[in-house]
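See below for the structure under consideration.
The values are calculated or read from the model by the stated rules, or taken from the named source; none is laboratory data. These figures come from a predicted structure and were not determined experimentally. Glycine gets a Cβ as well: all are built from the backbone with ideal geometry, and neighbour counts include every protein chain shown. Quick note on the areas: whole protein, heavy atoms, side chains included, nothing else; ligands and nucleic acids left out. Shrake-Rupley method; radii C 1.70, N 1.55, O 1.52, S 1.80 Å.
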Amino acid sequence: MNKLDGIVSLLIACIEIIYIINLLIFAEKNSVNKLVIGIITLLFGYQFIEFLICNVGLQRQIFIYLAFLDITLLPPLSLYTVLRFSARESQFGKLVFIPALFFIVYYPFVLDQFAVTKCTVLYASYHYPLGELYGIFYYLPIIFSIIILNKKWGAETGALQKSLTRTFLFGFLFTFIPSMILAIAIPTFLTAVESLLCKLAFVFASFLFYFAIKNKHKLERK
């Protein structure tokens, strides 16, 4: 095991924990900002676990499962945050977490099928069951989030709200459009898509950090 394996994950985790600490101190504690802190915390959690897997050697299936549990919650939490920010959340809003719960409950029963297939300085790759279904689940909430934010951006008239919406939307676009381009241009990207996408999601975390610092209006519905 190379002593530098996973070091990029540790670097990103350190920056993301700085984001979290600053948001806890300086960001307004409205409901949307709390959800944003939750998203960045999940991103930090995955990077730190990947560092432990690749650098410290904690490659038992339970640690791989914890990494997947972490990133499995990211798409629905992001969509739920977008719904809250866009005032579109209803009493059924939390239903967006149901697909995530399926994988979280199912995967412990097939832990023996989890394995780390490769660790490098930049990324890790894994073997796990239901990969194609998992991919569909993962991207659908992201697509819905982009659609909702794009519509909200076009409908906004206030300068602050338009700026906040643009920041949130660009966070998605500048993270996931490059990942799609890389997947098309470099087919091997798909073999480590979870890890590399979370690296690119550092861009998303940076946009969310800026969003939460600027978001000083209570956005939750009364």
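Any idea which residue in region 53-68 is farthest from Ile17 (Cα to Cα), counting only those that are among the hydrophobic types (A, V, I, L, M, F, W, C) and surrounded by 19 or more Cβ atoms within 10 Å (Cβ to Cβ)? Write out each step before concluding.
Taking region 53-68 and keeping what is among the hydrophobic types (A, V, I, L, M, F, W, C), we get 53-54, 56, 58, 62-64, 66-68.
Okay, now just the ones that are also surrounded by 19 or more Cβ atoms within 10 Å (Cβ to Cβ), so 53-54, 64, 67-68.
Numbers: Ile53: 19, Cys54: 20, Ile64: 21, Ala67: 17, Phe68: 19 Å.
Per the stated criteria, the residue is Ile64.
Asn150 passes all but one of (1) touching a Leu at 6+ places or on another chain (Cβ under 9 Å); (2) surrounded by 19 or more Cβ atoms within 10 Å (Cβ to Cβ); (3) not small (Gly, Ala, Ser); which number fails?
It fails just one condition, (2).
Which condition breaks for Thr157 when tested against (1) surrounded by 13 or more Cβ atoms within 10 Å (Cβ to Cβ); (2) over 30 Å from Lys3 (Cβ atoms)?
Thr157 satisfies every listed condition except (1).
Would it be correct to say that Ala87 is among the hydrophobic types (A, V, I, L, M, F, W, C), open to solvent by 20 Å² or more (accessible area, probe 1.4 Å) and at positive phi? Steps first, answer last, please.
Values: among the hydrophobic types (A, V, I, L, M, F, W, C): yes; open to solvent by 20 Å² or more (accessible area, probe 1.4 Å): yes; at positive phi: yes.
Yes.
Here is a list of conditions, (1) surrounded by 22 or more Cβ atoms within 10 Å (Cβ to Cβ); (2) in a loop (DSSP other than H, G, I, E, B), and Ile49 meets all of them except one; can you say which number that is?
Here Ile49 meets the rest and fails (2).
Determine whether region 174-196 contains at least one residue that is touching a helix residue (DSSP H, G or I) at 6+ places or on another chain (Cβ under 7 Å) and more than 21 Å from Pro75 (Cβ to Cβ).
no
So which of Phe109, Phe103 ends up being open to solvent by less than 10 Å² (accessible area, probe 1.4 Å) and part of a helix (DSSP H, G or I)?
Numbers: Phe109 fails: open to solvent by less than 10 Å² (accessible area, probe 1.4 Å).
It is Phe103.
On the given criteria, is Ser195 under 20 Å from Asp70 (Cβ atoms), under 20 Å from the mean Cα position of the chain (by Cα) and buried (at least 20 other Cβ atoms within 10 Å of the Cβ)?
Answer is yes for this residue.
What are the residue pairs meeting all of these: first residue in region 24-45, first residue over 19 Å from Glu194 (Cα atoms) and touching a residue at least 12 places away in the same chain (Cβ under 8 Å), second residue assigned to a helix (DSSP H, G or I) and of a type in the set (Val, Ile, Thr), Cβ atoms under 6 Å, and 6 or more apart or on different chains?
That search, which allows pairs on different chains as well, returns Ala27/Ile213; Leu35/Thr81.
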